[in-house]
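Everything below concerns the one structure shown next.
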Amino acid sequence: MKRKNAVSENLKRIRLRMGLTQEEVALRSELSQGYINQLESGKRLFTQKSLEQIAEALNIPIIDFFRKEYEKAPCVREDESKYKYKRKKSASKKEILALLNELPPRIREHYLTLLKLEKELWKK
């Protein structure tokens, strides 16, 4: 059941204006990409804790998610170098496994499933 609301629409609008992917928001906020996707699409309701994590990760006040017209609020993209999971040119298999092992079990399983699906797609 989809529940489009101001929060889900603003989350997506803010993310896109900052030039971020759902995965980048997920890594910064320590949530899963699937969860961010479900919030944006209205398939899942937000919690206070998840909005706090996302707002902190994006360095915006939490009230920005509740604005009716977000375009009026300023949006600044931060330097990604201060985040633990900054993008590298290429990662080795060992580095990827080490990162996956640091994640909570349910999020790790989510990414492993995505990797398996992607591997199948590359075979075709």
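The values are calculated or read from the model by the stated rules, or taken from the named source; none is laboratory data. Everything numeric here is computed off the predicted structure, so don't read it as measured data. In this analysis, Cβ positions are derived from the backbone assuming ideal geometry, glycine residues included, and neighbour counts consider all displayed protein chains.
May I ask you to list pairs of residues, at least six apart or on different chains, whose Cβ atoms are under 9 Å apart, with the first in region 107-124 being within 20 Å of Asn37 (Cβ to Cβ) and the second being modelled with pLDDT under 80?
Leu115/Ile96
Would you confirm whether any residue within region 113-122 is assigned to a helix (DSSP H, G or I), surrounded by 15 or more Cβ atoms within 10 Å (Cβ to Cβ) and at pLDDT 80 or above? Give the steps one after another, and end with the answer.
Of region 113-122, the ones assigned to a helix (DSSP H, G or I) are 113-122.
Still in the list and also surrounded by 15 or more Cβ atoms within 10 Å (Cβ to Cβ): none.
No, region 113-122 contains no residue that is assigned to a helix (DSSP H, G or I), surrounded by 15 or more Cβ atoms within 10 Å (Cβ to Cβ) and at pLDDT 80 or above.
Tell me yes or no: at least one residue of region 31-46 is outside any helix (DSSP H, G or I), of a type outside the set (Phe, Trp, Tyr) and farther than 24 Å from Leu114 by Cα. Lay out the reasoning, then the answer.
Of region 31-46, the ones outside any helix (DSSP H, G or I) are 31-32, 42-46.
Retained after the next criterion (residues that are of a type outside the set (Phe, Trp, Tyr)): 31-32, 42-45.
From the residues that got through so far, the ones that are farther than 24 Å from Leu114 by Cα too are none.
The answer is no, given that none of the residues of region 31-46 is outside any helix (DSSP H, G or I), of a type outside the set (Phe, Trp, Tyr) and farther than 24 Å from Leu114 by Cα.
Go through (1) over 19 Å from Leu103 (Cα atoms); (2) without any contact (Cβ under 8 Å) to a residue 24 or more places away in the chain and name the single condition Glu23 misses.
(1)
Which of the numbered conditions does Ile63 fail, given that it passes all the others? Conditions: (1) part of a helix (DSSP H, G or I); (2) modelled with pLDDT under 85; (3) loosely packed, with under 12 Cβ neighbours inside 10 Å.
(2)
Considering region 8-42 alone, what residues qualify as being crowded, with 18+ Cβ neighbours inside 10 Å and among the β-branched types (Val, Ile, Thr)?
Ile14, Val25, Ile36 - these are the residues of region 8-42 that are crowded, with 18+ Cβ neighbours inside 10 Å and among the β-branched types (Val, Ile, Thr).
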